[in-house]
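Here the structure comes first, spelled out in structure tokens, and everything after it is commentary.
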Amino acid sequence: MRRTLEDTYRHKGLRKKLVEVIKEKGITDEAVLETMNAIPRHFFLDSAFDDVAYEDRAFPIGEGQTISQPYTVAYQTQLLEVRPGQKVLEIGTGSAYQAVVLAKMGVKVFTIERQKNLFEENKKFAYLKQFPFIKFFYGDGYQGLPTYAPFDRVLITAAAPEVPQKLLDQLKPGGMMVIPVGTGSIQQMKRIWKQADGTIKEEVFDHFSFVPMLTGKN
Ligand code: SAH
């Protein structure tokens with residue numbers, strides 16, 4: 001992939017407008033909005049997308065996968081309610097944009113990608129060197145990372161047919177998971193709390209359209 005790793009005034013201006021758009025669509029968490037205003041989204045895309053990188057749309061990143069729509073990233077991040085110092089497991093690294101949003105908010109990110117080419121692409125992505133608190137893993141997200149568990153938060157950025165039990169098991173008591181659930185083209189965003197006594201509480205939110213969470217590696 002060819003990237004443009006230069007953040008011009010034009011990019012900054014377009015980014016500011018994008019953040020306004022997201023705000024108008026209903027995102028209220030100022031920390032999330034400020035963080036997204038600080039991250040050059042065009043760095044995460046091929047330079048062919050430079051002109052459109054600040055539209056509120058998903059774009060292809062190779063291997064049939066996409067960088068999520070900015071509104072969706074903001075929505076999931078807002079629901080995740082992270083606090084600095086927390087440990088967050090992300091399933092579906094993709095472009096690494098969401099992982100950087102979380103890292104900028106002060107958490108330790110453990111992110112898993114099942115597509116080898118996307119995983120390798122991130123190793124070559126120079127901008128990511130600034131984020132030593134993001135750990136990248138190649139593997140099947142359905143397995144989670146038992147060695148690094150438990151996590152304060154789990155974020156799934158692909159559509160899961162149901163809430164994966166192994167990932168629930170890797171949540172701390174008092175922790176929570178944000179996950180789009182559904183088998184069709186539209187899924188329902190859910191927030192699953194593991195309460196102090198280990199019981200599960202579920203909240204449902206809006207509908208979104210993610211690429212599917214697949215089993216195994218590729
Ligand atoms: N968070 C990403 C969104 C990428 S789209 C971003 O900010 O760009 C979802 C990603 O999940 C895709 O890259 C896809 O390959 C990956 N994925 C799907 N199923 C997976 C699984 N079981 N384990 C790990 N990654 C998975």
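The values are calculated or read from the model by the stated rules, or taken from the named source; none is laboratory data. Here the structure is a predicted model, which is why all the values come from computation and not from measurement. All Cβ positions, glycine included, derive from the backbone under ideal geometry; neighbour counts span all protein chains shown. Note: accessible area is taken over every heavy atom of the protein model, side chains too, but ligands, DNA and RNA are not part of it. Shrake-Rupley method; radii C 1.70, N 1.55, O 1.52, S 1.80 Å.
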(request) Return the calculated 222 nm mean residue ellipticity for the chain, to the nearest 500 deg cm²/dmol, obtained by summing -39500 (n - 2.57) across DSSP H runs with n ≥ 4 and dividing by the residue count. (result) -7500 deg cm²/dmol
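Could you work out how much longer the chain between Asn117 and Thr147 gets when fully extended? Use 0.36 nm per residue separation minus the Cα distance between them, nm to one decimal.
Numbers: separation 30, 0.36 × 30 = 10.80 nm, distance 2.41 nm.
Result: 8.4 nm gained on full extension.
A 31 angstrom limit on the alpha carbon distance is what I want to check against. Which of Lys123/Lys166; Lys123/Lys194; Lys12/Lys108; Lys135/Lys172 exceed it? List each step's numbers first, then the result.
Working: Lys123/Lys166 27 Å; Lys123/Lys194 33 Å; Lys12/Lys108 26 Å; Lys135/Lys172 19 Å.
Violating the 31 Å Cα-Cα cut-off are Lys123/Lys194.
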(message) Using the Cα atoms of the range 1-78, I'd like the radius of gyration and the largest Cα-Cα distance, Dmax, both in angstrom.
(response) 12.1, 34
(request) Starting from the Cα of Lys104, draw a straight line to each of the aspartates and glutamates and keep only those under 16 Å, dropping any in the same chain fewer than 8 residues away. (result) Asp29, Glu30, Glu34, Glu81, Glu90
(request) List the residues of the range 46-70 whose backbone N lies under 16 Å from a point placed 7 Å from the Cα of Leu5 along the Cα-to-Cβ direction. (result) 46-47
(request) State the Cα centre-to-centre distance between the range 109-136 and the range 137-164 in whole Å. (result) 16 Å
(request) Restrict the search to the range 1-106; then list the trypsin sites (Lys or Arg not before Pro) that DSSP places in a loop and that have at most 15 other Cβ atoms within 10 Å of their Cβ. (result) Arg2, Lys25, Arg57
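Looking only at GluC sites (Glu not before Pro) in DSSP loops with at most 11 other Cβ atoms within 10 Å, what is the longest site-free stretch of the chain?
Numbers: sites that count: Glu6, Glu162.
It runs 7-161.
Please compute the length gained on full extension between Ser209 and Trp193, using 0.36 nm multiplied by the number of residues separating them and subtracting their Cα-Cα distance.
Values: separation 16, 0.36 × 16 = 5.76 nm, distance 2.25 nm.
That pair, Ser209 and Trp193, stretches by 3.5 nm at full extension.
Got a number for carbon plus sulfur as a percent of the chain's accessible area, 1.4 Å probe? List each step's numbers first, then the result.
Numbers: 5290 of 10100 Å².
Summing carbon and sulfur atoms, their accessible area is 52 percent of the total for the chain.
Any chance you could list the semi-axes, whole Å, largest first, of the equivalent ellipsoid that the Cα gyration tensor gives for the chain, using √(5λ)? Numbers along the way, then the final one.
Values: eigenvalues 136, 73, 56 Å².
Taking √(5λ) for each eigenvalue gives 26, 19, 17 Å, largest first.
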